[in-house]
Amino acid sequence: MATDSAEKGNAAWEAVLKRDRLSDGKFVYVAVTTGIYCRPSCPSRRPHRRNVLIFQTYEDAERQGYVACLRCNPRANSLTRAEKSIQVALDHIENHLDEPITLNSLSAVSGLSPNHLQQTFTRIVGLSPKSFLDARRLTRFKQKMRFGESITRACYSAGYGSSRALYEKAAEGLGMTPSSYQRGGEGIRIRYAITQARLGPVLIAGTDTGICSVIVGEDHKVLAGDLHLEFPAAHFLLDEEFHRKCLAAVQTCQPEDPLLSKLPHELRCRIFQARVWKIFRS
C-alpha cells in the first residue's frame, strides 16, 4: 500500500535523498516515470519528488505492477552487487589470513576497484579492510597460541610476514607482549566489564597498555569464565570507569548496516568485536 501520510512520506523521501542504507527494508520507492521500484539507498539518479510513490513493502509495489530495480535489487533479503562484493571480501579475509592480503587482492576477488572497495567496505562494515584484517589476524594469533603453538609459528600462521609486524600490533591489540600472553597474562592486572549488546552479552577486558579481549556470548558467567581461561595467571578487577567506557563503545558499535543483519551470526560477532577493538585502539 502506498504511504498516504504526508509526514511519513516526507521522512521516507529524506531517507531516499540521503541514500540511507539503514532505511533499506523499511520501504521502497517507485519512480512512476519508469515504473521501477528501488530501495532507499539505490545509487541511481533521484527522480523528482512529484514522480515518486512510497510503498511499505516490495510486494505492495509489485501488486501495483511496478518492477524491481536491477541495480539495487530491492527484494527482501536480496543483496545488491556491491553487498555481494563485500561479502566475498569478508569471506576471503577469513579464509586466507595466513596469506598476504592487500587492497588490490581483495579488489580482484570482489570485482570492485580498490578505491570503490575501500569506500564501500568501510561504509558497510564500519571498518576499513585493513582494520578488519588486523583484528582478525590478532584473534587468529591468540587462538594459535592457546592451542600451544610457539610465538614464531603462531605469528606466521596468523599471516604476519615477520615477528616485527606482530610486535608492532601487539601492544594495543594484545594489551601485553606476546610472551606475556603466552604465559597466561602472568602478573598482569586486567580490568574488565560485561555489558549487553544486540548480539548478546559482551565482555571487554584491557590492561594499562591496551585492550586484550573482546568476547560476545550468551551468558555473563560463561564470559567471565572464558576470560579466566584465556588469562589464568592474571589479576582481575571490575572498574566502574572502565565499565562506562565499555558501555559507550558498545553503544557506538550497535548500529548495523542492513547487509550485516543478513550475515551469519558468527561473522556479525567478529565484525562487532573488531569495531569495538578499533574504538579502544584509536
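The values are calculated or read from the model by the stated rules, or taken from the named source; none is laboratory data. Since this is a predicted model, take the numbers as computed values, not measurements. Please note: Cβ atoms are built from the backbone with ideal geometry, for glycine as well, and neighbour counts cover all protein chains shown. Heavy atoms of the whole protein, side chains included, go into the accessibility calculation; ligands, DNA and RNA do not. Shrake-Rupley method; radii C 1.70, N 1.55, O 1.52, S 1.80 Å.
Just a few scattered comments:
- Only beta bridges with both residues in the chain are counted; by DSSP, about 75 percent of them are antiparallel.
- Rounded to the nearest Hz, the phi-derived 3J(HN,Hα) couplings of the range 209-222 under the Karplus curve 6.51 cos²θ - 1.76 cosθ + 1.60 (θ = phi - 60°) are 8, x, 6, 10, 6, 9, 10, 10, x, 10, 9, 4, 5, 5, where x marks glycine and proline.
- Whichever lysines have a C-alpha closer than 16 Å to that of LYS142, once near sequence neighbours (fewer than 8 apart) are set aside: LYS169
- Remark: the chain carries 51 Å² of accessible area per residue (probe radius 1.4 Å; ligands, DNA and RNA excluded).
- If you run the Gaussian network model on the chain, springs between alpha carbon atoms under 10 Å, then out of LEU263, LEU133, LEU106 the most flexible one is LEU263.
- Farthest positive-ward along the chain dipole, Cα basis, beta-carbon charges - from LEU90, ILE151, GLY9: GLY9
- Hz values of 3J(HN,Hα) by residue in the range 159-173 - Karplus curve (6.51, -1.76, 1.60), Gly and Pro given as x: x, 6, x, 7, 5, 4, 4, 5, 5, 5, 9, 5, 4, 7, x
- Remark: accessible surface ordering of ARG244, ARG191 (largest first) is ARG244, ARG191, probe radius 1.4 Å.
- Database remark: amide H of ILE188 closer than 5 angstrom to the amide H of HIS235 (H placed geometrically; neighbours at sequence offset of 5 or more, or on other chains; Pro and chain starts carry no H).
- Helical content of the chain, expressed as a calculated mean residue ellipticity at 222 nm, amounts to -15000 deg cm²/dmol (DSSP H runs of 4 or more residues, -39,500 (n - 2.57) each, divided by residue number, nearest 500).
- Cβ-based charge dipole, the chain, positive-most Cα from LEU174, ILE204, ILE279: ILE279
- Model label sites at TYR156 and GLU168, defined 7 Å from Cα along the beta-carbon direction, differ in position by 1.9 nm.
- Dipole of the range 1-85, positive end: most advanced residue of GLN56, TYR29, CYS72 [Cβ charges, Cα centre]: CYS72
- The chain, accessible surface, carbon-and-sulfur percent (1.4 angstrom probe): 50
- Exposure rank, largest accessible area first [ILE211, ILE151; 1.4 Å]: ILE151, ILE211
- Long-range HN-HN contacts of GLY126 with modeled amide H, under 5 Å: none
- GNM top mover of LEU203, LEU103, LEU237 - the chain, alpha-carbon springs below 10 Å: LEU237
- Placing +1 on the Cβ of every Lys and Arg and -1 on the Cβ of every Asp and Glu, with no other charges, gives the range 1-77 a dipole of roughly 360 debye about its Cα centre.
- Remark: the range 169-282 carries a charge dipole of roughly 280 debye about the Cα centre, counting +1 on each Lys and Arg Cβ and -1 on each Asp and Glu Cβ.
- GluC sites (Glu not before Pro) within the range 201-282: DSSP coil, no more than 14 neighbouring Cβ in 10 Å: GLU218
- Integer Hz, Karplus 6.51/-1.76/1.60 couplings in order for the range 142-157, x for Gly and Pro: 4, 4, 4, 5, 5, 7, x, 6, 5, 4, 5, 5, 5, 4, 6, 5
- Only Lys, Arg, Asp and Glu carry charge here, each on its Cβ (+1 for the first two, -1 for the last two); on that basis the chain has a dipole of about 720 debye about its Cα centre.
- Across the chain, the mean sequence separation of Cα contacts (distance under 8 Å, 6 or more residues apart), normalised by length, yields a relative contact order of 13 percent.
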